[in-house]
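Okay, structure first, notes after.
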Amino acid sequence: MSQSQSIALHARAVVDQVETVIVGKRTAVERALIAMLVGGHVLIEDLPGVGKTTLAKALAISVGGDFKRIQFTPDLLPSDITGSSVYNQRTQEFEFRPGPVFGNILLADEINRATPKTQSALLECMEELQVTVDGVTHTLPRPFLVVATQNQIEHLGTYSLPAAQMDRFLMRVRLGYPSPDQETTILAAQMQTHPLAGIRPLLTAPDIVHLQDQARRVRVEPILQRYIVNIVDSTRNHPSVDTGASPRGSLGLMHAAQAHAALENRDFVVPDDIKALAPAVLAHRLVLSPEARARGVDDEAVVREIVEQVPVPVGTNA
């Protein structure tokens with residue numbers, strides 16, 4: 001079995017299981033899984049009640065590993081996430097008590113209900129896979145993946161995530177309302193029990209690390225690397241954008257395209273992989289101009305417009 005076939009087989013099993021809980025949102029589930037396959041972090045953003053937390057929990061349980069959950073609230077402290085040094089009277093020394101961040105899958109539920117100071121406690125964790133407390137650095141286990149949910153910032157009691165933290169999420173996923181038929185299916189499925197009760201681990205932490213290593217071996221030709229750079233560079237010059245995507249966005253789009261190609265049973269990236277994922281990988285990294293926000297411009301629409309305008313490299317099976 002080839003590397004891409006191995007990834008596709010495992011991914012299909014995970015997506016099929018999660019879709020029994022999140023009915024009719026296969027694309028959203030695949031996007032979240034792709035982020036995990038490249039060692040990225042996932043931000044699930046939408047209205048309350050559409051299944052953000054359920055998707056995060058179902059995905060986290062399905063991929064195995066040590067699962068931790070933090071319910072973000074305005075009174076949550078940074079030490080509640082990272083852990084703290086506690087004085088041990090028996091040994092008369094301070095010892096580090098790890099916080100819930102020391103797991104493989106961290107569900108940060110309603111992350112934008114905590115204060116910016118607490119939100120920033122995750123910055124070092126997400127980028128460097130480590131925590132520094134009282135001048136001592138502690139390494140996080142591998143894999144380490146943050147699956148965060150947030151309500152839209154227009155809702156009361158929310159704080160906007162800082163741009164530096166938004167940039168550390170590989171991908172933003174939105175669910176939207178289900179169709180009437182899908183909602184009827186949800187009602188029938190949850191009449192007696194919650195479908196999360198039937199979710200079981202399909203992978204282990206070492207499995208995830210192995211699949212991440214396999215995904216990085218998918219080929220991205222230099223001409224397609226340049227195509228990615230051209231798309232990202234265009235976000236920095238768009239009239240509706242004040243601040244475009246960073247080089248971290250270019251890297252994220254390339255790695256996400258590698259995983260997308262593997263899910264399609266290919267060991268090479270094509271332009272369609274890049275086109276399909278560009279809005280989910282880049283849109284949340286943009287800072288729209290005040291005029292664009294006043295007009296109600298959508299950041300994903302801006303990225304889709306850019307993708308349509310940037311020429312596709314010739315001879316790349318577009």
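Throughout, read-outs are computed from the coordinates displayed, never taken from laboratory work. Quantities reported herein were computed from a predicted structural model and do not represent experimental measurements. Cβ placement follows ideal geometry from the backbone for every residue including glycine, while neighbour counts extend to all protein chains displayed.
Binning at 20 Å from 0, report for the chain what percent of all alpha-carbon pair distances ends up in each bin. Calculated over all Cα pairs of the chain, the distribution is 31, 58, 10, 0 percent. With coordinates expressed along the principal axes, the C-alpha atoms belonging to segment 56-188 extend over 63, 32, 26 Å, beginning with the largest. Measuring r between the beta carbons of residue 137 and residue 75 and using R0 = 22 Å, the FRET efficiency lands at 0.20. If R0 is taken as 41 Å, the Cβ-Cβ distance between residue 272 and residue 192 corresponds to a FRET efficiency of 0.45. Taking the 0 to 90 degree range and rounding to the nearest ten, how far is the long axis of helix 247-263 tilted relative to the main principal axis of the chain, both from C-alpha atoms? In the chain, helix 247-263 runs at an angle near 80 degrees to the longest axis. Sequentially through segment 46-52, phi angles give Karplus couplings (6.51, -1.76, 1.60; θ = phi - 60°) of 5, 5, x, x, 9, x, 4 Hz, Gly and Pro residues having no value and appearing as x.
Determine the relative contact order of segment 76-115: mean sequence separation of Cα pairs under 8 Å and six or more apart, normalised by residue count, in whole percent. Reported as a whole number, the value is 37 percent. Each of the peptides 42-52, 69-79 was scored by the mean count of other Cβ atoms within 10 Å over its residues; in descending order, highest first, they stand as 42-52, 69-79. Using the Cβ of residue 201 as centre and a radius below 14 Å, the other residues enclosed give a net charge of 0, where K and R count +1 and D and E count -1. Amide hydrogen proximity for residue 242: with H placed 1.01 Å from N in the peptide plane, the residues at 5 or more positions away or on another chain lying under 5 Å are 287, 288, 289. With q set to 0.21, 0.23, 0.25 Å⁻¹, the log10 of I(q)/I(0) for segment 218-313, from the Debye formula over equal scatterers at the Cα positions, is -0.95, -1.10, -1.26.
For residue 46, the residues 5 or more places off, or on other chains, whose built amide H falls under 5 Å of its own are 150, 152. FRET efficiency for the residue 304 to residue 94 pair, using the beta carbon distance and R₀ = 45 Å, is estimated at 0.30. Across segment 1-135, the mean sequence separation of Cα contacts (distance under 8 Å, 6 or more residues apart), normalised by length, yields a relative contact order of 21 percent.
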